[in-house]
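First comes the structure, then the notes that go with it.
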Amino acid sequence: MPIVAPSLLSANFLNLEAECRMLNKSEADWYHLDVMDGRFVPNISFGPMLVAFFRKATSKTCDVHLMIEEPERYAEMFHQAGADILTVHVEACRHLHRNIQQIKNLGMKAGVAVNPHTPLSAIQEILNEIDLVCLMGVNPGFGGQQFIPHTLHKIRQLRQMVAERMLNVLIEVDGGVTLENAAEIVSAGADVLVAGNTVFRSPDPIKTISALKSVCLNV
Ligand code: DX5
Ligand code: ZN
């Protein structure tokens, strides 16, 4: 079964308490929290203050996706805020290895996110140091975009790289995941499905989360 990580970016921010209650009683495994700085991506979302509120609202894993420049300046703050997993973009890090060490030394799990245009060779030398690779299915910055089909090829390629090296790295797919394409994404090799619009714009989010959870059974 895939790990299901709803992205709170698509939640109703006027009613976050109810959204958290819904997620807590659902089969969702993680909270996926999208942090955007208006520089690395053309949008601004939220920062450590809101992550700390989500931390208080749930005992589920807080999976924090940093779409920001110079993430090393903020790793400590997100640790204080309660992040369990901290993911940085390979395209935003000049010293990725140092950034990963910093995140691990702070006691968090470390993830690296990869944009659609970035080849997997960009992370091959760091693969044995990290806990998760976040493969972007869209260009980061906004929820509700269409999945880029070429991502499926990257998922298969990464699954093979991980298997060849006998590593324990989770493959997360983020952006454009729907009930229609989830089975294909999981059978290509994804361990974690992030879903924003698919969950929060659905008439019955709890049911939608269950459907994502049971997706592999239907492959
Ligand atoms: C994209 C974010 C995603 C996004 C997912 O920049 O990293 O987590 O909110 O949203 P959907 O599932 O709606 O594409
Ligand atoms: Zn994300």
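Only helical DSSP H runs with n ≥ 4 go in: add -39500 (n - 2.57) per run for the chain, normalise by residue count and round the 222 nm mean residue ellipticity to 500 deg cm²/dmol.
Values: 8 runs with 71 residues, N = 219.
After summing the helix terms and dividing by the residues of the chain, the value is -9000 deg cm²/dmol.
I'd like the distance between the alpha-carbon centres of segment 35-101 and segment 199-218, rounded to an integer number of Å.
Value for the Cα centre distance between the two parts: 26 Å.
How big is the shadow of the Cα convex hull of segment 156-195, averaged over all directions, in nm²? Write down the numbers at each step before the final one.
Values: hull surface 10.5 nm².
Here the figure is 2.6 nm², rounded to one decimal.
Report the local net charge at residue 159: Lys and Arg +1, Asp and Glu -1, summed over other residues whose C-beta lies under 14 Å from its C-beta.
On the way: positive: 154, 156, 165; negative: 164, 172, 184, 191.
Combined, the nearby Lys, Arg, Asp and Glu give -1.
Using Cα-Cα distances under 8 Å and only pairs 6 or more residues apart, what relative contact order does the chain have, in percent?
Values: 443 pairs, mean separation 49.6, N = 219.
RCO, the chain: 23 percent.
So if each residue of separation counts as 0.36 nm, and I subtract the Cα-Cα distance between residue 156 and residue 17, what length gain in nm does that give?
Details: separation 139, 0.36 × 139 = 50.04 nm, distance 3.76 nm.
Contour length minus the Cα-Cα distance gives 46.3 nm.
Test of the criteria: in segment 54-125, which trypsin sites (Lys or Arg not before Pro) are in a DSSP loop and have at most 14 other Cβ atoms within 10 angstrom of their Cβ? Intermediate values should be presented prior to the final figure.
Numbers: sites: 55, 56, 60, 73, 94, 98, 104, 109; in loops: 60, 94.
Of the trypsin sites (Lys or Arg not before Pro), the ones in loops of segment 54-125 whose Cβ has at most 14 other Cβ atoms within 10 Å are 94.
Counting only other residues whose beta carbon sits under 12 Å from that of residue 129, what net charge do I get with K and R as +1, D and E as -1?
On the way: positive: 98, 104, 109, 165; negative: 125, 131.
Combined, the nearby Lys, Arg, Asp and Glu give +2.
Roughly what would the spin-label model give for residue 73 and residue 117, points 7 Å off Cα along C-beta, in nm?
It works out to 2.4 nm between the two label points.
Provide the packing ranking of 23-31, 113-121, 188-196, i.e. peptides ordered by the mean count of other C-beta atoms within 10 Å per residue, highest first. Don't jump to the answer; show the numbers that get you there.
Details: 23-31: 18.8, 113-121: 15.4, 188-196: 24.2.
Ranked from most to least packed, the peptides come out as 188-196, 23-31, 113-121.
Using packing as a proxy for protection, rank 144-157, 168-181 so that the peptide with the highest average count of other Cβ atoms within 10 Å comes first. Before the final figure, lay out each step's value.
Values: 144-157: 16.1, 168-181: 20.9.
Those peptides, ordered most packed to least, come out 168-181, 144-157.
Zone of residue 101 (label point 7 Å along Cα→Cβ, backbone N under 16 Å): which residues in segment 58-81?
Residues 72-73 fall inside that zone.
Can you give me the relative contact order of segment 101-219 as a percent, contacts being Cα pairs under 8 Å and 6 or more apart?
On the way: 178 pairs, mean separation 25.9, N = 119.
Relative contact order, segment 101-219: 22 percent.
Every read-out reported here was derived from the displayed coordinates using simple, explicitly stated rules and does not represent laboratory data. What you see is a predicted model, and the numbers here were worked out from it, not measured in a lab. Cβ: placed from backbone, ideal geometry, glycine included. Neighbour counts: every protein chain shown.
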